[in-house]
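Notes for the one structure printed next.
The values are calculated or read from the model by the stated rules, or taken from the named source; none is laboratory data. As the structure is a computational prediction, the values presented were derived from the model and not from experiment. A quick note on method: Cβ atoms are made from the backbone with ideal geometry, for glycine too, and the neighbour counts reach across all protein chains shown. Side chains included, ligands, DNA and RNA excluded: accessible areas come from the protein's heavy atoms. Shrake-Rupley method; radii C 1.70, N 1.55, O 1.52, S 1.80 Å.
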Amino acid sequence: KHSYLLKDPEDTARVFKEAFYIAGTGRPGPVLIDITKDVTAAKAEYEYKKPEPVERVKDTIKTEDVDKVIDMISKAKKPFVFVGGGAVISGADKELAEFVKKLQAPVTDSLMGKGAFNGTDPLYMGMLGMHGTKAANFGVSECDLLVVVGARFSDRVTGNAKKFATEAKIVQFDIDPAEINKNVKVDASIIGDIKEILKCVNAKLTQQKHDEWVAHVEELAAKYPLTYHKDKLTGPYIMEKLYEVTNGDAIITTEVGQHQMWAAQHLVVDKPRHHLTSGGCGTMGFGLPGALGAAFAEPDKQVVHICGDGGFKMTGMELYTAAREGKKLISIVINNSCLGMVRQWQQLFYNEHYSNTLLTEFDFIGFAHSCGAGGRRSGAPQQKH
């Protein structure tokens with residue numbers, strides 16, 4: 001969101017205060033502070049000043065915008081709610097649950113929005129988009145009102161943006177005005193913190209009734225469930241079992257790839273901030289450092305890192321850090337000896353012209369032991385170490 005070149009040691013305290021404030025206000029994001037070598041070794045007088053509080057953005061929430069949305073909701077026969085990462089960042093899960101209950105509408109989410117709405121709720125239809133469920137995609141295609149809560153209409157969600165939700169009027173709630181009409185043209189919007197927006201909407205929204213529409217979407221979910229081969233050990237099976245054995249209380253992190261999508265599709269997320277994943281830029285290697293951060297932040301929680309063999313090899317050395325610090329962390333490596341998602345795209349879109357995606361075998365169990373951690377292999381004969 002901003003960058004500094006810090007060349008004067010007297011500016012250090014001010015710059016760091018400003019940087020944290022900028023990072024935390026509005027739509028959160030990173031701030032870069034570039035510090036010259038001489039400043040890192042210099043001394044300066046420090047005078048304490050109380051940090052400026054980060055307030056929720058609500059002065060942009062206009063009464064006329066809320067009233068317009070309420071009017072559109074009252075006229076809708078087939079509403080659908082699409083939830084994004086903004087609802088997680090805002091901590092709006094309770095307000096979102098109240099809104100969905102009042103609206104009585106099916107719910108879908110983006111990859112970054114998982115957990116904002118309870119994944120065990122009957123109204124939850126799974127993820128939307130390229131890697132989403134048929135029920136969610138068909139439902140959004142058929143709905144007459146799409147309420148978008150803190151999502152940015154990424155290309156993995158919309159596909160061809162001109163053909164996205166063509167039967168629907170679209171309402172967008174977002175803290176960043178730059179996101180309105182950027183990728184998909186909307187019919188109404190409310191700008192502000194998602195939690196605050198939902199409070200305002202809920203206060204004016206009367207109970208809606210859409211029994212037939214909800215029943216129709218539930219029929220789609222029953223007709224087109226997510227399936228996988230059950231005669232062998234698979235990624236989706238592991239995700240389903242992981243939720244069972246942890247009772248849904250573990251913090252899950254992922255790398256980027258096929259395993260990430262299996263986790264998004266088959267691993268139930270029933271609370272916010274329990275599914276930590278990278279939402280863009282193909283950041284393989286995110287998962288293990290992310291898991292380590294979660295383990296430090298929540299030392300009493302079980303943290304599970306799900307990864308492919310390619311992503312693990314990028315930052316796997318952090319297993320040593322986890323073992324050294326005695327963190328309650330498990331890495332599940334789904335090893336297919338390739339960069340699975342890239343290879344899949346090469347199969348589907350590049351006539352099987354494979355380039356730099358096939359990986360040689362690697363002794364993950366031996367590596368874990370070398371880091372001071374334990375290791376077991378499933379789906380193949382156990383090797384002794």
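Specify the residue that is nearest to Val54 (Cα to Cα); the eligible residues are those in the stretch 178-207 that are within 21 Å of the chain's Cα centre (by Cα) and surrounded by fewer than 19 Cβ atoms within 10 Å (Cβ to Cβ).
Step by step, filter the stretch 178-207, then rank; the result is Ala178.
Just the residues that are touching a Phe, Trp or Tyr at 6+ places or on another chain (Cβ under 9 Å), crowded, with 24+ Cβ neighbours inside 10 Å and farther than 19 Å from Gly192 by Cβ, please, taken from the stretch 91-112.
Ala105, Pro106, Val107, Thr108, Asp109, Ser110
Using the structure shown, decide if Lys77 is open to solvent by 80 Å² or more (accessible area, probe 1.4 Å) and assigned to a loop (DSSP other than H, G, I, E, B). So that I can check it myself, show each step before the final result.
Values: open to solvent by 80 Å² or more (accessible area, probe 1.4 Å): yes; assigned to a loop (DSSP other than H, G, I, E, B): yes.
The answer is yes for Lys77.
Tell me, please, whether a residue that is modelled with pLDDT under 95, under 24 Å from Asp249 (Cα atoms) and either assigned to a loop (DSSP other than H, G, I, E, B) or among the hydroxyl-bearing types (Ser, Thr, Tyr) (or both) can be found in the stretch 328-339.
Checked against the condition, which is being modelled with pLDDT under 95, under 24 Å from Asp249 (Cα atoms) and either assigned to a loop (DSSP other than H, G, I, E, B) or among the hydroxyl-bearing types (Ser, Thr, Tyr) (or both), the stretch 328-339 yields at least one hit.
Would you be able to say whether some residue in the stretch 132-147 is within 13 Å of the chain's Cα centre (by Cα), modelled with pLDDT of 95 or more and within 28 Å of Ala178 (Cβ to Cβ)?
Initially, the stretch 132-147 is screened for residues within 13 Å of the chain's Cα centre (by Cα), giving none.
No: zero hits.
Check Met314, Met341 and return the single one that is closer than 19 Å to Met261 by Cβ, under 25 Å from the mean Cα position of the chain (by Cα) and open to solvent by 70 Å² or more (accessible area, probe 1.4 Å).
Working: Met341 fails: open to solvent by 70 Å² or more (accessible area, probe 1.4 Å).
Criteria check complete, one pass: Met314.
Considering only helices (runs of 4 or more DSSP H) fully contained in the stretch 208-272, which possess at least 2 residues that are surrounded by fewer than 15 Cβ atoms within 10 Å (Cβ to Cβ)? Spell out the reasoning first.
Values: elements: 211-223, 235-246, 258-266.
Fully inside the stretch 208-272 and qualifying: 211-223, 235-246.
Anything in the stretch 21-67 that is open to solvent by less than 80 Å² (accessible area, probe 1.4 Å) and aromatic (Phe, Trp, Tyr)? List them, or say none.
Tyr21
For the stretch 350-371, what are the residues that are without any contact (Cβ under 8 Å) to a residue 40 or more places away in the chain and assigned to a loop (DSSP other than H, G, I, E, B)?
Of everything in the stretch 350-371, those that are without any contact (Cβ under 8 Å) to a residue 40 or more places away in the chain and assigned to a loop (DSSP other than H, G, I, E, B) turn out to be Tyr350, Asn351, Glu352, His353, Tyr354, Ser355, Asn356, Thr357, Thr360, Glu361, Asp363.
List every residue pair whose Cβ atoms sit under 8 Å apart, with the two residues 6 or more apart in sequence or on different chains, where the first one lies in the stretch 29-42 and is among the aliphatic types (A, V, I, L, M) and the second, anywhere, is in a strand (DSSP E or B) and surrounded by 12 or more Cβ atoms within 10 Å (Cβ to Cβ).
Cβ pairs passing all conditions: Val31/His2; Val31/Tyr4; Leu32/His2; Leu32/Tyr4; Ile33/Tyr4; Ile33/Leu6; Ile35/Leu6; Val39/Leu6.
Between Gly308, Gly379, which is touching a helix residue (DSSP H, G or I) at 6+ places or on another chain (Cβ under 6 Å) and of a type outside the set (Asp, Glu)?
The conditions single out Gly308.
Looking at Leu319, is it modelled with pLDDT of 95 or more, open to solvent by less than 50 Å² (accessible area, probe 1.4 Å) and farther than 30 Å from Gly86 by Cα?
Details: modelled with pLDDT of 95 or more: yes; open to solvent by less than 50 Å² (accessible area, probe 1.4 Å): yes; farther than 30 Å from Gly86 by Cα: yes.
For Leu319, the condition - modelled with pLDDT of 95 or more, open to solvent by less than 50 Å² (accessible area, probe 1.4 Å) and farther than 30 Å from Gly86 by Cα - is met.
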